[in-house]
Amino acid sequence: MSPQRLDAGLAFPLGAHADGEGINFSVFSAHAEAIEVCLFDADGSRELQRLTLPAHCGDIWHGRLPGAGAGLVYAYRAHGPWAPEQGHHFDARRLLLDPYAREIVALPGGALGARVVADEDDAGAAPEPRPRRPLAQSVLYEAHVKGLTRLHPGIAEPLRGTYAGLASDAMIEHLLRLGVTAVSLLPVAQHLDEPRLVAQGLANYWGYNTIGFFAVEPRYASGQGGLSPRQEFRAMVRRLHEAGIEVILDVVFNHTAESDLDGPTLSWRGLDNRSYYRTLPGAPGTYDNLAGCGNALDLRHPRVLQFVMDSLRWWAQTMNVDGFRFDLAPVLARGDAGFDAHAPFFHAAAQDPLLAGLKMIAEPWDLGPGGYQLGNFPRGWAEWNDRFRDGMRRFWLGHASSRGEFAQRLCASADVFHRRGREPAESVNFVVAHDGFTLRDLLSCGRRHNEANGEHNRDGHAENLGWNCGVEGPTDDAQVLGLRTRLQRALLATLLLAQGTPMLAAGAELGHSQHGNNNAYCQDNPTSWIDWDSADPALIDFTARLVALRRELGPLHEGWYRGELNGNGVHDIAWRRADGAALDTADWHDTRARTLAIVLDGRWLLLVNAEADNHAFALPPGAWQMRIDSAHDASAWQGTQSYALAGHAVALLARQEGA
């Protein structure tokens, strides 16, 4: 390679961009003394040349390489002080990945570099229309790209476990059959497997260990049709959008794959550790480990905030996704004194013309002091509501609970969200998620069974509020199996007929089991992959019927219930005991009684029986028709006096016209 020289180029945009006549390099470091760009051969196996970035504007180093184009492989070397106790980890011997890399290449010695992507390829076609479904009308479906499709018999073998597989006819047909409106995908940004897992023959299956915040994970690409991972991902989004299904991404901006100070220095630490990562007050050499993963990005720094915002805009504009679920979101909003509901990150997202109309969903806790922030995110944000999860598990599975607790959770946790001026839809309700037991395992296992994770069954939640229904694990006992089936249906009905935004975990609708593993983050194998051959068709049908009924239940999509008379002279919501009497104070706090009748707008009657015995419910005046009963598949019942509801069951009745 003949010697080349850089001209000054431009400070922005950050990253490496080919304009047809050259490549502009731009990288942030507030503390470096010099930065070199290192050029490699096409496969990254040999370094060919080092060029010092000639221009330095503020904290941005930049330069332009005339005549270069897309496909060039490069990395950086950063010169500066080696003073770990002061938070500086500069070492020009290390090759460093561009934080804005859009395609990542393995380099010698375990380092990582980037391949320049043509901007026109990265931009894709003209902006495409989105479904833009209101949050209040949404039903979320949390899924792993690979795990959802890897074993699906209706997907061609080469496409299983890939973006193309998720966009297949068979998968879209299932999503439409269920009636879900959005897939909420576990991380699809490129990630690394921790050395500890690799040594054990495991992998970071969930992907919460990001190395490429602008790079699509290539392991989920089929390569069919000669498409790059970016192109295949965009094609998946396009197909889902054509079916009216939105795409929400789980993003991990609380930490990076560099882990703690014993972890690999691959990018941010070597470029400017003291700017990128949070450190303890008065101890710039010690990380503030708010995420429990070794480090935490410091969004107090404007360039780190810019890095996060640029990444979000890239996924929104280039990949055309519809929103984001932020892992351990309080980390992004921590100022000097803890979580700040008015943090710069929230303001930046709110005013951004590209992001402002997208769905923003917080996991509202982290591992730092004051890290539990449910209900404290800005208006317009949605939040994972673990109080719904735990409250419904307690009520249905025999743990300490009350009708009052159940009612609060059923009504979008008004005690949390309403009093803070939030909307019901901003409560993202779930009973199970990727983290924890599957729905089937919640009712089959009284304890975790995580031995396969290689941590001597010490990892994962110890307290799960589950119930094995009398037998630990698999059984042939028909009575136990029947009870588990009824409870699965009751929990799904409670989830899908409650106020708030429901989120189904993939597999909950068909009885997926992880054999009791409640922390399957490292199980990239049939433990985690959805077993479609063992799916329960009746449970799928039941779930689809619930989603369809949810669309009919207009009150669930409106504002807060107030217990007041509406324009027709009936209460918008009324609470009754099984005998038809209104609940008094003692009834609300009774920890033994688990029966409840809820009248919605005088037109719908939700009957709840979390007790073991059957109960006859007195009906309000009028003629009623059963629309769904979690204990029965038939729906032909009509009556006026009482309704017999089996134990561990939910029923929804509708007032007949003219009654």
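Hey, could you check region 267-289 for residues that are of a type in the set (A, V, I, L, M, F, W, C) and crowded, with 22+ Cβ neighbours inside 10 Å and say which is nearest to residue 191 (Cα to Cα)?
Result: 268.
Mind checking which residues of region 331-347 are open to solvent by 20 Å² or more (accessible area, probe 1.4 Å) and assigned to a helix (DSSP H, G or I)?
Residues satisfying the conditions are 344, 347.
Taking region 604-619, which residues are more than 35 Å from the chain's Cα centre (by Cα) and open to solvent by 30 Å² or more (accessible area, probe 1.4 Å)?
Once the filter is applied, which keeps residues that are more than 35 Å from the chain's Cα centre (by Cα) and open to solvent by 30 Å² or more (accessible area, probe 1.4 Å), region 604-619 yields 613, 614, 615, 616, 618.
Could you tell me whether any residue of region 195-215 is open to solvent by 10 Å² or more (accessible area, probe 1.4 Å), within 22 Å of residue 150 (Cα to Cα) and among the β-branched types (Val, Ile, Thr)?
Looking for residues that are open to solvent by 10 Å² or more (accessible area, probe 1.4 Å), within 22 Å of residue 150 (Cα to Cα) and among the β-branched types (Val, Ile, Thr), one finds at least one in region 195-215, hence yes.
Please give the number of the condition residue 533 fails out of (1) surrounded by fewer than 12 Cβ atoms within 10 Å (Cβ to Cβ); (2) in a loop (DSSP other than H, G, I, E, B).
Among (1) surrounded by fewer than 12 Cβ atoms within 10 Å (Cβ to Cβ); (2) in a loop (DSSP other than H, G, I, E, B), the lone unmet condition for residue 533 is (2).
Here is a list of conditions, (1) open to solvent by 50 Å² or more (accessible area, probe 1.4 Å); (2) free of Cβ contacts under 8 Å to residues at least 60 places away in the same chain; (3) assigned to a loop (DSSP other than H, G, I, E, B), and residue 471 meets all of them except one; can you say which number that is?
Checking residue 471 against (1) open to solvent by 50 Å² or more (accessible area, probe 1.4 Å); (2) free of Cβ contacts under 8 Å to residues at least 60 places away in the same chain; (3) assigned to a loop (DSSP other than H, G, I, E, B), the one that fails is (1).
Counting only residues that are among the small types (Gly, Ala, Ser), open to solvent by less than 40 Å² (accessible area, probe 1.4 Å) and at pLDDT 90 or above, how many does region 559-597 have?
Total satisfying the criteria: 6.
Among the listed residues 404, 375, which satisfies the condition of being in a helix (DSSP H, G or I), small (Gly, Ala, Ser) and touching a residue at least 12 places away in the same chain (Cβ under 8 Å)?
404
Give region 357-377 a look and list any residue that's open to solvent by 30 Å² or more (accessible area, probe 1.4 Å) and modelled with pLDDT of 95 or more, or say none.
Residues of region 357-377 that are open to solvent by 30 Å² or more (accessible area, probe 1.4 Å), as a first pass: 357, 365, 367, 369-370, 372, 376.
Within region 357-377, 365, 367, 369, 370, 372, 376 qualify.
Looking at 95, 107 in this structure, which one is more than 20 Å from residue 217 (Cα to Cα), among the hydrophobic types (A, V, I, L, M, F, W, C) and in contact (Cβ under 8 Å) with a residue 24 or more places away in the chain? Break it down stepwise before answering.
On the way: 107 fails: more than 20 Å from residue 217 (Cα to Cα).
Sole residue among the options that is more than 20 Å from residue 217 (Cα to Cα), among the hydrophobic types (A, V, I, L, M, F, W, C) and in contact (Cβ under 8 Å) with a residue 24 or more places away in the chain: 95.
Evaluate region 138-149: report whether one residue or more is modelled with pLDDT of 95 or more, in a loop (DSSP other than H, G, I, E, B), open to solvent by less than 30 Å² (accessible area, probe 1.4 Å) and touching a Pro at 6+ places or on another chain (Cβ under 6 Å).
Within region 138-149 (the criterion being modelled with pLDDT of 95 or more, in a loop (DSSP other than H, G, I, E, B), open to solvent by less than 30 Å² (accessible area, probe 1.4 Å) and touching a Pro at 6+ places or on another chain (Cβ under 6 Å)), the answer is yes, since at least one residue qualifies.
Which condition does residue 119 not pass, out of (1) closer than 16 Å to residue 229 by Cα; (2) under 26 Å from the mean Cα position of the chain (by Cα), if it passes all the others?
Of (1) closer than 16 Å to residue 229 by Cα; (2) under 26 Å from the mean Cα position of the chain (by Cα), only one is false for residue 119: (2).
Scanning for something open to solvent by less than 50 Å² (accessible area, probe 1.4 Å), of a type in the set (Gly, Ala, Ser) and under 18 Å from the mean Cα position of the chain (by Cα), does region 222-233 turn up at least one residue?
No, region 222-233 contains no residue that is open to solvent by less than 50 Å² (accessible area, probe 1.4 Å), of a type in the set (Gly, Ala, Ser) and under 18 Å from the mean Cα position of the chain (by Cα).
Inspect all residues belonging to region 421-430 and state whether any of them is out of contact with any helix residue (DSSP H, G or I) (no Cβ under 6 Å at 6 or more places or on another chain), open to solvent by less than 10 Å² (accessible area, probe 1.4 Å) and polar (S, T, N, Q).
There is no residue in region 421-430 that is out of contact with any helix residue (DSSP H, G or I) (no Cβ under 6 Å at 6 or more places or on another chain), open to solvent by less than 10 Å² (accessible area, probe 1.4 Å) and polar (S, T, N, Q).
Among the residues of region 19-65, write down those that are touching a helix residue (DSSP H, G or I) at 6+ places or on another chain (Cβ under 7 Å) and in a loop (DSSP other than H, G, I, E, B).
Matches in region 19-65: 29, 30, 31, 32, 45, 59.
The values are calculated or read from the model by the stated rules, or taken from the named source; none is laboratory data. Just so you know, these numbers come straight off a predicted model, no measurement behind them. Using ideal geometry, Cβ is built from the backbone for each residue, glycine included, and neighbour counts are taken over all protein chains shown. Side chains included, ligands, DNA and RNA excluded: accessible areas come from the protein's heavy atoms. Shrake-Rupley method; radii C 1.70, N 1.55, O 1.52, S 1.80 Å.
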